[in-house]
1. Under a no-solvent Debye model with one identical scatterer per Cα of region 61-119, what's log10 I(q)/I(0) at q = 0.13 Å⁻¹?
2. Treating the angle as unsigned and between 0 and 90°, give the value, to the nearest 10°, between the Cα long axis of helix 333-350 and the longest Cα principal axis of the chain.
3. Carbon and sulfur atoms: what percent of the 1.4 Å accessible area of region 4-113 do they account for?
4. Over region 111-167, what portion of Cα pair distances is larger than 15 Å, expressed as a whole percent?
5. Using only alpha carbon positions, build the gyration tensor of region 270-360, then give the equivalent ellipsoid semi-axes as the square roots of 5 times its eigenvalues, largest first, whole angstrom.
6. Name the residue, out of T239, T71, T259, whose mean-square fluctuation peaks in a Gaussian network model built on the chain with Cα pairs under 10 Å.
7. Compute the length gained on full extension between A176 and E78: take 0.36 nm times their separation in residues and subtract their Cα-Cα distance, giving the result in nm to one decimal.
8. For the chain, find the longest principal axis of its Cα atoms and tell me its angle to the long axis of helix 184-193, 0 to 90°, nearest 10.
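The values are calculated or read from the model by the stated rules, or taken from the named source; none is laboratory data. This one's a predicted model, so the numbers in the text were calculated from it and none came from an experiment. Backbone-built Cβ (ideal geometry, glycine too); neighbour counts: all protein chains shown. These area figures cover heavy atoms from the full protein model, side chains too; ligands, DNA and RNA do not enter into them. Shrake-Rupley method; radii C 1.70, N 1.55, O 1.52, S 1.80 Å.
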Amino acid sequence: MKTKEELLQILDQFPLEGKAVNAEPFGNGHINDTLKVTTDDGQTKYILQRINHQIFTNVDMLQQNIHVVTTHIRRKLEERGETDIDRKVLTFLPTKDNKLYYFDGDSYWRVCLLIANSKSYEEVTPEKSYEAGLAFGDFQSMLADIPEGTLGETIPNFHNMEFRLQQFRDAVAADAAGRVAEVQELIEEIEKRAKAMCIQEELYREGKLKKRVNHCDTKVNNILFDEDGKVLCVIDLDTVMPGFVLSDIGDFIRTGANTGAEDDKDLDRVGVNLPVFEAYAKGYLEKARSFLTPLEISLLAYGGRLLTYMQTVRFLTDYINGDTYYKIHYPEHNLVRTKAQFKLLQSLEEHAEEMDNFLK
Ligand code: ADP
Ligand code: GN1
Ligand code: MG
């Protein structure tokens with residue numbers, strides 16, 4: 001990481017109110033480096049992020065997408081007569097020379113307003129889950145009229161299950177870190193389910209499913225709540241792109257409707273939290289029913305299994321590759337994550353009928 005002096009110099013490229021005096025690590029993201037910034041008036045009004053450009057290789061496309069999405073949402077909120085808009089959509093500051101990010105020679109940086117008096121959670125109650133469902137459903141519906149071709153795929157094939165399985169199989173074949181033998185059973189469990197988990201790609205080829213603008217990272221901690229448990233703002237817009245609709249219900253089920261943590265070491269704690277699932281589905285459908293097709297609605301519970309399966313595959317791929325993608329906090333972290341996600345998948349499979357019936 002950079003020294004404090006270097007960070008302050010980076011911040012000097014942005015037209016802040018006041019002078020930055022400190023920048024401290026913030027949040028629990030797996031991808032970017034997020035810091036909160038204090039200025040000389042004692043206020044903490046800004047977030048500084050180093051964009052992970054190993055992962056988001058086209059930073060121009062990334063920042064252009066985010067610019068389109070945030071201005072589009074802002075306009076919709078204005079049209080609705082909303083107040084307090086700066087807390088309901090992210091506001092990014094252009095640099096002093098009017099660019100969407102600052103490049104310091106090796107890293108890419110962006111600054112946005114810190115949403116005041118907000119909180120993100122790693123776990124939610126059914127009440128908060130319902131609010132989150134409304135928020136992500138509304139988010140998708142606000143973006144539904146962005147013309148096709150406007151947004152690029154910031155990570156190509158991001159939620160394409162066939163592509164993720166290909167990466168997984170390549171990793172197994174290469175065995176770069178010599179870990180394949182140790183995870184053979186998990187590999188078999190993944191292969192057993194592979195065909196059933198690629199339905200969306202097939203339906204798309206048959207012309208039965210279309211792509212929509214999705215958030216594609218609807219983790220619980222990518223939503224900010226106010227003091228009353230109401231959603232203020234959807235954040236982490238790096239992956240907003242055209243894709244399959246199940247992403248935005250699936251990733252919330254995966255993270256919100258889990259009685260344990262994403263990386264729980266105690267597998268007895270991990271399993272589906274049905275009240276949280278039901279509350280999310282209710283909120284989400286209230287906003288999304290108007291534009292979803294009957295086929296999409298019939299697949300929503302499958303979406304939870306799909307995104308949990310996809311995450312199992314992605315964590316295991318990273319473990320097999322020798323931990324090159326996700327930030328890890330200890331050497332076995334990606335394996336622990338894989339096992340916890342697989343346990344959640346088994347629980348979702350056990351409750352599949354119940355979840356489908358609820359949606360009906
Ligand atoms: P990552 O891609 O690494 O997950 P995020 O953009 O999700 O990065 O930021 C990580 C965390 O930082 C979030 O979960 C949230 O807690 C906090 N955060 C990010 N942006 C803001 C903001 N504008 N206001 C308040 N908190 C924020
Ligand atoms: C990453 O950035 P963050 O922590 O919100 C990842 C998601 C994974 C998630 C698993 C760009 O999300 O796709 O589902 O970790 N983001 C990217 O926790 O790969
Ligand atoms: Mg995040």
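1. Taken in order of the listed q values, log10 I(q)/I(0) reads -0.40.
2. 50
3. Values: 2610 of 5710 Å².
Within region 4-113, the accessible surface is 46 percent carbon and sulfur.
4. Values: 1171 of 1596 pairs.
Result for the distance tail: 73 percent.
5. Numbers: eigenvalues 178, 39, 24 Å².
Square roots of five times the eigenvalues give 30, 14, 11 Å.
6. Of T239, T71, T259, the Gaussian network model singles out T71 as fluctuating most.
7. Details: separation 98, 0.36 × 98 = 35.28 nm, distance 5.17 nm.
Net length gain for the segment: 30.1 nm.
8. Value to nearest ten degrees: 80.
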